[in-house]
Ligand code: G3P
C-alpha cells in the first residue's frame, strides 16, 4: 500500500521524507489555505522537492464540469501532466472525470462518502477514488467498512481504479486498511508520525544503548 502525506507544509513534508518511506503528497483547498500563501508557490515547492515523477494530488475547485476541465489543464501545465487532479465526486465532477480521462489525465475522484459514488467514478475510468474514512464515521456510518466495500466492488468489477483512502484520525484506522490491501492511504503528519509512536519501543531501544554503554563506556557504539 502506498503511503502519502496529506499536507502542504514543505518543512513537514521534507522532514517525513527524510525518515520514512513516503510515496507522495496529497493536498486539498483546506490544506492549502492553512499555508496562507499563493497555492501555486506552495505546490511548486512540493513538486520541486518530490521531483517530476513524484506523486502529487491537487484539487480543482470549480463547480461546473467545463471549468474543472480547464482547471485540470492549468494545474497540470504548471505542475506536470502526471499530477493527479482531484475532482469532487458530484454530478458536474463525473462529467469532468470522463472528459479528462479521455484526454489522458490522471484523476482522483475525491469526496467519496459511499460505494455508489466510488462505483460511478470507477466507471468514469479514474485512477483513484478517495473515500474519507473519519468523515464517514462522523456521519454515523462505518468508514473502514465503507472502504472495504469499495475495494470489494472494484475487485468484483475488474476496475483498474485504486483506492486512495483519506481522512484518518488514528493509526488503527490506517492499519485496518493496510491489512485489506488497498492501493494507497494519505495521512496527516500527526497520524503519519503516530505510526511509529510507541513508548515501549523507545524504552526498549534506550535500555539496549544503556546496557552497551555499561559494557564499553558512555557514547560507545559497535564502531569501536
Ligand atoms: O482530502 C481529503 C482529506 O484530506 C480529508 O481529511 O481530516 O479533513 O477529514 P480530513
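The values are calculated or read from the model by the stated rules, or taken from the named source; none is laboratory data. Predicted, not measured: the structure shown is a model, and the values here were computed from it. Note: ideal-geometry Cβ built from the backbone for every residue, glycine included; neighbour counts use all protein chains shown.
The set of residues from the range 31-50 being within 26 Å of residue 196 (Cα to Cα) and loosely packed, with under 15 Cβ neighbours inside 10 Å comprises 34, 49. There is at least one residue in the range 64-77 that is more than 14 Å from the ligand (Cβ to nearest atom) and part of a loop (DSSP other than H, G, I, E, B).
Scanning the range 173-202 for residues that are at pLDDT 95 or above, farther than 18 Å from residue 20 by Cβ and out of contact with any helix residue (DSSP H, G or I) (no Cβ under 6 Å at 6 or more places or on another chain) returns a single hit, 183. For the range 1-36, the tally of residues that are farther than 17 Å from residue 75 by Cβ and more than 15 Å from the chain's Cα centre (by Cα) stands at 8.
Might you check whether a residue that is within 16 Å of the ligand (Cβ to nearest atom), within 20 Å of residue 8 (Cα to Cα) and either in a helix (DSSP H, G or I) or more than 16 Å from the chain's Cα centre (by Cα) (or both) occurs anywhere in the range 79-100? Within the range 79-100 (the criterion being within 16 Å of the ligand (Cβ to nearest atom), within 20 Å of residue 8 (Cα to Cα) and either in a helix (DSSP H, G or I) or more than 16 Å from the chain's Cα centre (by Cα) (or both)), the answer is no, since none of the residues qualifies.
Going by the conditions given, is residue 69 in contact with a helix residue (DSSP H, G or I) (Cβ under 8 Å, 6 or more places away or on another chain), within 19 Å of residue 6 (Cβ to Cβ) and surrounded by 18 or more Cβ atoms within 10 Å (Cβ to Cβ)? Judged against the criteria, residue 69 is not a match. Taken over the range 53-63, the residue count meeting the criterion of being farther than 18 Å from residue 3 by Cα, surrounded by fewer than 17 Cβ atoms within 10 Å (Cβ to Cβ) and away from the ligand (no atom under 16 Å from the Cβ) is 1. Among the residues of the range 166-196, the one identified as away from the ligand (no atom under 14 Å from the Cβ), in a helix (DSSP H, G or I) and buried (at least 20 other Cβ atoms within 10 Å of the Cβ) is 177. From the list 163, 136, the lone residue that is touching a helix residue (DSSP H, G or I) at 6+ places or on another chain (Cβ under 7 Å) and in a strand (DSSP E or B) is 163.
Residue count for the range 120-143 satisfying the condition of being in contact with a strand residue (DSSP E or B) (Cβ under 9 Å, 6 or more places away or on another chain) and away from the ligand (no atom under 11 Å from the Cβ): 9.
Residues in the range 123-133 that are in a loop (DSSP other than H, G, I, E, B) and either within 14 Å of the chain's Cα centre (by Cα) or in contact (Cβ under 8 Å) with a residue 60 or more places away in the chain (or both): 1 in all. Within the bounds of the range 146-160, is there any residue that is touching a residue at least 40 places away in the same chain (Cβ under 8 Å) and assigned to a helix (DSSP H, G or I)? The answer is no, given that none of the residues of the range 146-160 is touching a residue at least 40 places away in the same chain (Cβ under 8 Å) and assigned to a helix (DSSP H, G or I). Which one of these does residue 212 not meet: (1) within 12 Å of the ligand (Cβ to nearest atom); (2) in a helix (DSSP H, G or I)? Tallying (1) within 12 Å of the ligand (Cβ to nearest atom); (2) in a helix (DSSP H, G or I), residue 212 fails exactly one: (1).
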